[in-house]
């Protein structure tokens, strides 16, 4: 059976664009630390994490609603409603920009908004492109912020830029403006009914479907993205900078997971339980191996990139190596839980853990450091993963190898932390 030349070209284009976008996403945050202080780096990473969480609410669940209405129900006349979302971000952009420039808002809050706006527009536009068989373009928009960061790093290398943080702000504002203009252009292109009808009929129907996605999305995003927020509350921006840098060093795990999700989505979603258990366990082992390789070769780069005194934190680095495969495991099981129609049960269970975790941190506040915090985060991930495995077991989806990997991880990180 021969594969059409056009199909080969599409596959090759997807791989090329994915490699470029994820390579930029992996490397640019690591090298950016060379041009700013640890505290400034911590500010950016804190804003990044907080913006990621806020995006779930700011996006209004439209990311989940678009494929439902446009692909599943075929109601393409609603397409202009999704592009009208750019008008909401435009209003907020002007509002927050004015408040910041008259010193009503601090830079911290303004950066959080900028990340929220960028991520909201990126995610919705990326999804629209995927739904229209333009995945190679979608992966570029997924990494839009990192391309901005790369341009800034190159400018820092070839010119004597003062205050890179200010320049990053300018670039982000320019990027948001470009995305908003693109949304408005597409809105006009897809206009087929009066604006009043879109607001009166389309949006209430869309939001009625999408509002429940906000709550469920917030729980998962808080579980996966709240670490830097907690570190800011309990330890400050400089500690966020240290944690985030080492976290970025094992970021290859995220790229591998996303590549597998795109390339082998059907197998990772539709296979029988026995095969799924093998696939999931194999992927987590692969990710762990890559993280450990990163740990092994990292001393060559750490002394060059990090200030003296922060380039030798092997315990923190090693703990993060074991955290990432479990993070991927919970993400894999999330789609499987959705397939088995027990997603509400998962969100209730994980929601309870998410609520009680900050109380634990508050109790241990006087003893908290990055190593203890990371160890506790890994235990939270492992408990969440075990809970997913448990409720899937009840639906006759046993994941024995995943459970073994999970238990092994708990033992390994406990030994690493206490030695």
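Just a few scattered comments:
- Any pair with Cβ under 6 angstrom, 6 or more apart, that starts in the stretch 61-73 at a residue that is not assigned by TED's automatic domain parsing to the domain that holds residue 338 and ends at one that is not in a helix (DSSP H, G or I): 69/75
- Search result, residues across the stretch 290-328 that are over 20 Å from residue 28 (Cα atoms) and in a loop (DSSP other than H, G, I, E, B): 308, 309, 312, 313
- The set of residues in the stretch 162-214 being part of a loop (DSSP other than H, G, I, E, B) and touching a residue at least 40 places away in the same chain (Cβ under 8 Å) consists of 190, 191, 192, 193.
- Test: residue in the stretch 316-325 that is modelled with pLDDT of 85 or more, in the same structural domain as residue 412 (by TED's automatic domain parsing) and more than 27 Å from residue 418 (Cβ to Cβ): no
- Complete set of residues in the stretch 253-268 that are modelled with pLDDT under 75 and under 20 Å from the mean Cα position of the chain (by Cα): 258, 259, 260, 261, 262, 263, 264, 265, 268
- For the stretch 370-413, residues that are free of Cβ contacts under 8 Å to residues at least 24 places away in the same chain and more than 23 Å from residue 276 (Cβ to Cβ) total 2.
- Filter result for residue 148 (buried (at least 16 other Cβ atoms within 10 Å of the Cβ), in contact (Cβ under 8 Å) with a residue 24 or more places away in the chain, touching a helix residue (DSSP H, G or I) at 6+ places or on another chain (Cβ under 6 Å) and on the phi < 0 side of the Ramachandran plot): yes
- When 176, 180, 215, 118 are screened for being in contact with a helix residue (DSSP H, G or I) (Cβ under 9 Å, 6 or more places away or on another chain), surrounded by fewer than 18 Cβ atoms within 10 Å (Cβ to Cβ) and farther than 19 Å from residue 76 by Cβ, only 215 passes.
- Condition check for residue 314: surrounded by fewer than 21 Cβ atoms within 10 Å (Cβ to Cβ) and under 28 Å from residue 242 (Cβ atoms): yes
The values are calculated or read from the model by the stated rules, or taken from the named source; none is laboratory data. No experiment lies behind these values; they were computed from the predicted model shown. When we count neighbours, we look across all protein chains shown, and the Cβ atoms used for this are built from the backbone with ideal geometry, even at glycine.
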